[in-house]
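Colleague: Just dropping this structure here.
The values are calculated or read from the model by the stated rules, or taken from the named source; none is laboratory data. Just so it is clear, the structure is predicted and the values come from calculations on it, not from any experiment. Every residue, glycine among them, receives a Cβ derived from its backbone with ideal geometry; neighbour counts consider all protein chains shown.
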Amino acid sequence: MKISQLRAVVAVAERGNFSEAALDLQLTQPAVSHAIATLEEELGVPLFARGRHGAILTPAGERILHHVRQAMQHLEMMQLEANLHKGLHGGHVRVAAFRSVATHLLPKAIAQFHEQFPEVGVTIIECLSYLEAEQCLREGRADIGITYLPTSNDFTAWEILRDEYVALLPPKAKVNSKQITWEDIATHSPVILSCLPCGKPLHHHLKQLVPTMNTISNIQEDSTIVSMVNQGLSAAILPRLAAVPIPSAVQVYRLPKPLERVMGVAIRSQSLHIPSVFKFLEMLKDFDFYSLAKSTY
């Protein structure tokens, strides 16, 4: 069943004959007759009774015409929706991000974008890790993803923020100098680390520097880890943005040897996107995430 056949049905029904329908459609009369005949053959019922006075809908044709008009209306709506997505007066952007970015950074960026493009919808897809965000991109469930850099060749990515890892010590912890040591942190073992795979850079960092440190990484929620530190149950090492809001009683220190996670905004390499996606991507690349992150700490 072809769109040209449906258009022919509507035109013949409205004009009552094939010749005038052909003029409306800018086709020859044989072309219109062939379109109707092949549709009737496909459906197995005649749609028009043909005679000297033109073409009159059969009872089956009258009922089918109703559905044809609905189908044509849906086709027009499909085209309208496509036109909206091709411009910036509509469309939808899906952004996959892990919790700390989805919670503390993206809402402000989306609010700024909506001020300029209020008709473009933006949805955050919350992921447990940066690898899950990348998988959303690969599977087409997201248009843009927030990940760690460097990333794979599957993606084109731009750096947006460097987030330092910090040591969180219980309120009553004793540290003898302003510069904390690995021994100061290890005193409150087991030290809780970010859950893998997001904690992979930190695990590698510690394995090289303090391989004997007693650590655990089986708690997924960063807020739970911070709460445990606040209750004096352990120490923790987390990215600063993942740890906020940090209770005032918790002691926060830079690591003896600093470590950062480098975050970037990514799209699939050589992918095709509607204008609203590219416009939101450009906004993210220019957005001042550093100032926003500092205000969040």
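Colleague: If you go through region 218-230 one residue at a time, do you hit one that is out of contact with any helix residue (DSSP H, G or I) (no Cβ under 6 Å at 6 or more places or on another chain), farther than 30 Å from His92 by Cβ and surrounded by 19 or more Cβ atoms within 10 Å (Cβ to Cβ)?
Modeller: Scanning region 218-230 turns up at least one residue that is out of contact with any helix residue (DSSP H, G or I) (no Cβ under 6 Å at 6 or more places or on another chain), farther than 30 Å from His92 by Cβ and surrounded by 19 or more Cβ atoms within 10 Å (Cβ to Cβ).
Residue-by-condition table, conditions (1) surrounded by fewer than 18 Cβ atoms within 10 Å (Cβ to Cβ); (2) hydroxyl-bearing (Ser, Thr, Tyr); (3) in contact (Cβ under 8 Å) with a residue 24 or more places away in the chain; (4) not assigned by TED's automatic domain parsing to the domain that holds Ile274:
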| position | (1), (2), (3), (4) |
| --- | --- |
| Ala96 | no, no, yes, no |
| Pro107 | yes, no, no, no |
| Ile110 | no, no, no, no |
| Ile146 | no, no, yes, no |
| Thr156 | yes, yes, yes, no |
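Colleague: Return the only residue of Glu159, Glu183 being assigned to a helix (DSSP H, G or I) and over 12 Å from Ile237 (Cβ atoms).
Modeller: Numbers: Glu159 fails: assigned to a helix (DSSP H, G or I).
Sole residue among the options that is assigned to a helix (DSSP H, G or I) and over 12 Å from Ile237 (Cβ atoms): Glu183.
Colleague: Here is a follow-up. Between a residue in region 58-86 that is over 27 Å from Lys279 (Cα atoms) and any residue that is at pLDDT 90 or above and small (Gly, Ala, Ser), which pairs come within a Cβ distance under 8 Å, given they are 6 or more apart or on different chains?
Modeller: Thr58/Ala49; Gly61/Ala13; Leu65/Ala13
Colleague: Between residues in region 14-40 that are farther than 15 Å from Met1 by Cα and residues that are assigned to a loop (DSSP other than H, G, I, E, B), which pairs lie under 8 Å by C-beta distance while being six or more apart or on different chains?
Modeller: Final answer for the pair search is Ala22/Thr28.
Colleague: Return the total of residues in region 184-204 being at pLDDT 90 or above and buried (at least 18 other Cβ atoms within 10 Å of the Cβ).
Modeller: Number satisfying all stated conditions: 7.
Colleague: Of the residues His74, His53, His66, only one is modelled with pLDDT of 90 or more and exposed (fewer than 15 other Cβ atoms within 10 Å of the Cβ); which? Explain how you work it out, then say what you get.
Modeller: Details: His74 fails: modelled with pLDDT of 90 or more; His53 fails: modelled with pLDDT of 90 or more.
Only one candidate passes the filter, namely His66.
Colleague: Those residues that are within 30 Å of Arg94 (Cα to Cα) and touching a helix residue (DSSP H, G or I) at 6+ places or on another chain (Cβ under 7 Å), I need them from region 240-258; list them, please. Give the derivation first.
Modeller: Residues of region 240-258 within 30 Å of Arg94 (Cα to Cα): 240-246.
Once the filter is applied, which keeps residues that are within 30 Å of Arg94 (Cα to Cα) and touching a helix residue (DSSP H, G or I) at 6+ places or on another chain (Cβ under 7 Å), region 240-258 yields Leu241, Ala242, Ala243, Val244, Ile246.
Colleague: Is it the case that Ala242 is of a type outside the set (Asp, Glu), closer than 20 Å to Leu168 by Cβ, in the same structural domain as Ser194 (by TED's automatic domain parsing) and assigned to a helix (DSSP H, G or I)?
Modeller: Details: of a type outside the set (Asp, Glu): yes; closer than 20 Å to Leu168 by Cβ: yes; in the same structural domain as Ser194 (by TED's automatic domain parsing): yes; assigned to a helix (DSSP H, G or I): yes.
Yes; evaluated as a whole, the condition is true for this residue.
Colleague: How many of the residues making up region 218-231 are farther than 20 Å from Val101 by Cβ and at pLDDT below 95?
Modeller: Pass one, region 218-231, residues farther than 20 Å from Val101 by Cβ: 218, 227-231.
Within this subset, residues satisfying the condition of being at pLDDT below 95 are 218.
Number satisfying all stated conditions: 1.
Colleague: So, one more: Would you confirm whether or not region 33-50 contains a residue that is polar (S, T, N, Q), at positive phi and in the same structural domain as Glu76 (by TED's automatic domain parsing)? Don't jump to the end; show me each part of the working.
Modeller: Taking region 33-50 first, the residues polar (S, T, N, Q) are 33, 38.
Okay, now just the ones that are also at positive phi, so none.
No - not one qualifying residue is present in region 33-50.
Colleague: For region 164-183, give me the residue count where each residue is surrounded by fewer than 20 Cβ atoms within 10 Å (Cβ to Cβ) and either within 14 Å of Met263 (Cβ to Cβ) or free of Cβ contacts under 8 Å to residues at least 60 places away in the same chain (or both).
Modeller: 6
Colleague: Taking region 89-109 as the search range and keeping residues that are in a strand (DSSP E or B) and among the β-branched types (Val, Ile, Thr), which one is nearest to Asp222 (Cα to Cα)?
Modeller: The initial filter retains those residues of region 89-109 that are in a strand (DSSP E or B), namely 92-98.
Now restrict to residues that are among the β-branched types (Val, Ile, Thr): 93, 95.
Details: Val93: 27, Val95: 21 Å.
My answer is Val95.
Colleague: Please specify each residue of region 263-290 satisfying the condition of being at pLDDT 90 or above and out of contact with any strand residue (DSSP E or B) (no Cβ under 9 Å at 6 or more places or on another chain). Lay out the reasoning, then the answer.
Modeller: Narrowing region 263-290 to residues at pLDDT 90 or above: 263-268, 280-290.
Listed by number, the residues that qualify are Glu282, Met283, Asp286, Asp288.
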